[in-house]
Amino acid sequence: MAEKDETKLCRRKFLARAGKAGISIAAAAGLSRLLYDATGPKTGVDTESLVTLQNFSVPYKAGQTMSVVKGADRVETVRKAIELLGGIERFVKPGETVAIKPNVAFASPPILGATAHPELVAEVVRLCYSRGKAKKVYVADNPIYDPASCFMLSGIGKAASEAGAKVVLPKTHFFKPTTLAGGKLIKNWPIFYEPLKNIDKLIGIAPIKDHHRAGASMSMKNWYGLLGGRRNIFHQDINTIIAELATMVKPTLVILDGTEVMMTNGPTGGSVSDLRRANTLIASCDQVAADSFGCAFLDLKPSDLPYLAKAEKAGAGTTDYDSLKPIVTTVS
Amino acid sequence: MSLMPGRARRLESAISICLLAVLILIGLVVFVKQSYVDMGRFGIGPPTGPELEIPPDLASFVPAGVEAISETEIYDSENLYEKINGRAALYTDSGFKKLFAQRFVSKDDKNLIMELYLYDMGNVRGAFSVYGVQRRADVNALPAFPVSYAYRTSNALYLVHGKYYIELVGFSESAELLGAMIETAQKIQANLAADSDTEIAELSLFPTENIVQGSVKLHLTNGLAFEGLTDTFTARYKVGDQIVTAFLSRRASAEEARNVAESYCKFLIDNGGAAKPATDKILEGNIIGFHYETYDTFEIVLSIGAFVIGVHEAQSQELAEKLALRLVNKLSKAANQ
């Protein structure tokens, strides 16, 4: 009898079971809704947090935009090159904060010429303090390879610190996204912003190097080190990214070191036989002009490097460096 | 309203439990899988590293007076740029598989540092390609060195060992460091399985007279800036004060060689070249000249059996023809041996 009762379903039981089933389905759906991530993993960044690099350039002075100094001693040539442009006092005012962005791309020693020379970096730091009366000087770069090793083995970390600069190594939270207005590649892309955030002036220091992808690595390519993220994807469109970087970064001054030029197997080199001594250093307020001049040391013409024309078209500078009437001299 | 009998109900319960168990299992699998999502694929996390494997023990190749100052670093084609940046494409375009790198220092002098780069290029052709393209000029050969492709500069040593392209880079110019590098390279050659052929047959097909030592290069793609010339060897010759390039490329068949040679001739003519009469009938129809304001250059392209051969940018037709005929003779002799 009891079994018979269990085999029967009355309206009441039916409604109760249907209600429980409905509640279960609703709970599952509610939980799913709660856990559902409509956006998925973020591939970009929050556009509200975008930053923009300020313009660090100084007012134009006719006949004092670019200097070329010949000599083997980087300390002497850089002093003279800056002096010819009006001295560091023109670029750095007392109490200002300066960031220096040397090329520290590799964990390799100065003898290989793959990075900015430590003596050159140190001398610019000293000039900023001694003549420019800078309040603070930062030296920063974002090598993809272990930054601490790059700063140590290149000698730049030690030289800059001893000259009084604060060396800033990249950390995740030092990067902020930026977008270049009208840019094709730099869109919501992280840059090494922290050392540039509260500074007054920005100086780039780069060696002249052969570059397997770009043809040449000089002042403009040096800004590649400000990019964060998986920036190697930009190698597919190297001319555009270099031109965009030159458009985005408006430095106070660039120093292009052609004392020893990496003629082959760049940008890493590896053998001292990759280098050729050219004993020339260029200081310029116009990075496009500096690189247009510098490419001759690699036996190239400005037209061989498409990024120069692109940057010129974007208003980053001129490839016609002669029009700037560069001051050329030699130091003994 | 009657329901199922007891037996059917138990069966139904069992099926339901099984279904629930399957659903729970699926849920668990999804949960576990999601825990291991590769954020690097979305550009917001570190890239997936090279697959785990036992790397060669690089420290076992260095001399007794040298010790490691870094861990062995391993790179694959996804992250090679982290180590060598803009030069990575040169390797990845040539069959690159892995890079193993480690830094070492002399126990007696901490200023004597060297870094060993062991590139696994998949086979000897890939290794030779990156070796040849990067070969420095005016370097010191290593005649006593027991490998065919090796040279040194004042601070570095470069060689091919089977599928491996090896660089030993000294952080200073030092005889002691160079000695350690040579010893390291010799140990690698003796103890590391090459896992590949160690010789490249085509290299012996170039005539040796007037050849610029160390000038032979292998272009796996875009030989002489022509897309159709893959797997192409070039060698430079110095005759008097003139430098001229000879090239050869082995194709799958004589027919393919003919087709590639014809395509390359057409490419040259499409780019401003003009056919020139030859003084030797074997070269008839195969000479293309380029006229510039102050000088002329000559190209010769022909197929011999399964080979596409020729001469590139000769400054005189006579020089181009002489070198082309020497190449033809060398190939003919090799074919008859």
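The values are calculated or read from the model by the stated rules, or taken from the named source; none is laboratory data. Everything numeric in this text was worked out from a predicted model, so none of it was measured. Quick reminder, even Gly has a Cβ in these numbers, built from the backbone with ideal geometry, and neighbours come from all protein chains shown.
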May I ask you to verify whether B:Leu112 is in contact with a helix residue (DSSP H, G or I) (Cβ under 8 Å, 6 or more places away or on another chain), without any contact (Cβ under 8 Å) to a residue 24 or more places away in the chain and assigned by TED's automatic domain parsing to the domain that holds B:Glu183? no
Per the filter on region A:245-263, residues more than 10 Å from chain B (Cβ to nearest Cβ), part of a loop (DSSP other than H, G, I, E, B) and surrounded by 20 or more Cβ atoms within 10 Å (Cβ to Cβ) are A:Val249, A:Pro251, A:Thr252
Can you confirm whether A:Phe297 is within 14 Å of chain B (Cβ to nearest Cβ) and either in a helix (DSSP H, G or I) or modelled with pLDDT of 95 or more (or both)? no
Here the residues within region B:240-258 that are aliphatic (A, V, I, L, M), touching a residue at least 40 places away in the same chain (Cβ under 8 Å) and in contact with a strand residue (DSSP E or B) (Cβ under 8 Å, 6 or more places away or on another chain) are B:Val244, B:Ala246, B:Leu248, B:Ala254, B:Ala257
Kindly list the number of the only condition in (1) surrounded by fewer than 20 Cβ atoms within 10 Å (Cβ to Cβ); (2) touching a residue at least 12 places away in the same chain (Cβ under 8 Å); (3) farther than 23 Å from B:Ala89 by Cβ that fails for B:Leu220. (3)
Mind listing whichever residues of region A:274-288 are at the interface with chain B (Cβ under 10 Å from one of its Cβ atoms) and surrounded by fewer than 21 Cβ atoms within 10 Å (Cβ to Cβ)? none
Those residues of region B:192-202 which are surrounded by 15 or more Cβ atoms within 10 Å (Cβ to Cβ), closer than 18 Å to B:Leu327 by Cα and either touching a helix residue (DSSP H, G or I) at 6+ places or on another chain (Cβ under 6 Å) or at pLDDT below 90 (or both), in sequence order: B:Ile200
Selection status of A:Glu260, more than 18 Å from the chain's Cα centre (by Cα) and not aromatic (Phe, Trp, Tyr): yes
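Here's the yes/no breakdown for (1) within 30 Å of B:Arg152 (Cβ to Cβ); (2) within 14 Å of chain B (Cβ to nearest Cβ); (3) part of a strand (DSSP E or B):
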| site | (1), (2), (3) |
| --- | --- |
| A:Gly225 | no, yes, no |
| A:Ala243 | no, no, no |
| A:Asn265 | yes, yes, no |
| A:Phe293 | no, no, no |
Can you find, within region B:146-163, the residue that is modelled with the highest pLDDT among those that are in contact with a strand residue (DSSP E or B) (Cβ under 7 Å, 6 or more places away or on another chain) and more than 24 Å from A:Ala114 (Cα to Cα)? B:Lys163
Does region A:110-128 contain at least one residue that is in contact (Cβ under 8 Å) with a residue 12 or more places away in the chain, over 20 Å from A:Ile255 (Cα atoms), within 14 Å of another protein chain (Cβ to nearest Cβ) and surrounded by 18 or more Cβ atoms within 10 Å (Cβ to Cβ)? no
Here is a check on your reading of the model: is B:Leu178 modelled with pLDDT under 95 and within 19 Å of B:Arg125 (Cα to Cα)? no
What do you reckon, is A:Ile233 modelled with pLDDT under 95 and among the hydrophobic types (A, V, I, L, M, F, W, C)? yes
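Yes or no, residue by residue, for (1) without any contact (Cβ under 8 Å) to a residue 60 or more places away in the chain; (2) away from chain B (no Cβ under 14 Å); (3) surrounded by 24 or more Cβ atoms within 10 Å (Cβ to Cβ); (4) not in a loop (DSSP other than H, G, I, E, B):
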{"position": "A:Glu83", "(1), (2), (3), (4)": "yes, yes, no, yes"}
{"position": "A:Gly95", "(1), (2), (3), (4)": "yes, yes, no, no"}
{"position": "A:Val98", "(1), (2), (3), (4)": "no, yes, yes, yes"}
{"position": "A:Lys101", "(1), (2), (3), (4)": "no, yes, yes, yes"}
{"position": "A:Phe106", "(1), (2), (3), (4)": "no, no, no, no"}
{"position": "A:Ile144", "(1), (2), (3), (4)": "no, no, no, no"}
Flagged in region B:279-323 as farther than 18 Å from B:Tyr264 by Cα, assigned to a loop (DSSP other than H, G, I, E, B) and in contact (Cβ under 8 Å) with a residue 12 or more places away in the chain, in numbering order, are B:Thr279, B:Asp280, B:Tyr295, B:Gln315, B:Ser316
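Rundown of residues vs (1) farther than 23 Å from B:Ala334 by Cα; (2) out of contact with any Phe, Trp or Tyr (no Cβ under 7 Å at 6 or more places or on another chain); (3) assigned to a strand (DSSP E or B), yes/no style:
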| residue | (1), (2), (3) |
| --- | --- |
| B:Glu115 | yes, yes, yes |
| B:Ala127 | yes, no, no |
| B:Tyr131 | yes, no, no |
| B:Ser154 | yes, yes, no |
| B:Tyr165 | yes, no, yes |
| B:Ser172 | yes, yes, no |
| B:Gly214 | no, no, no |
| B:Leu218 | no, no, yes |
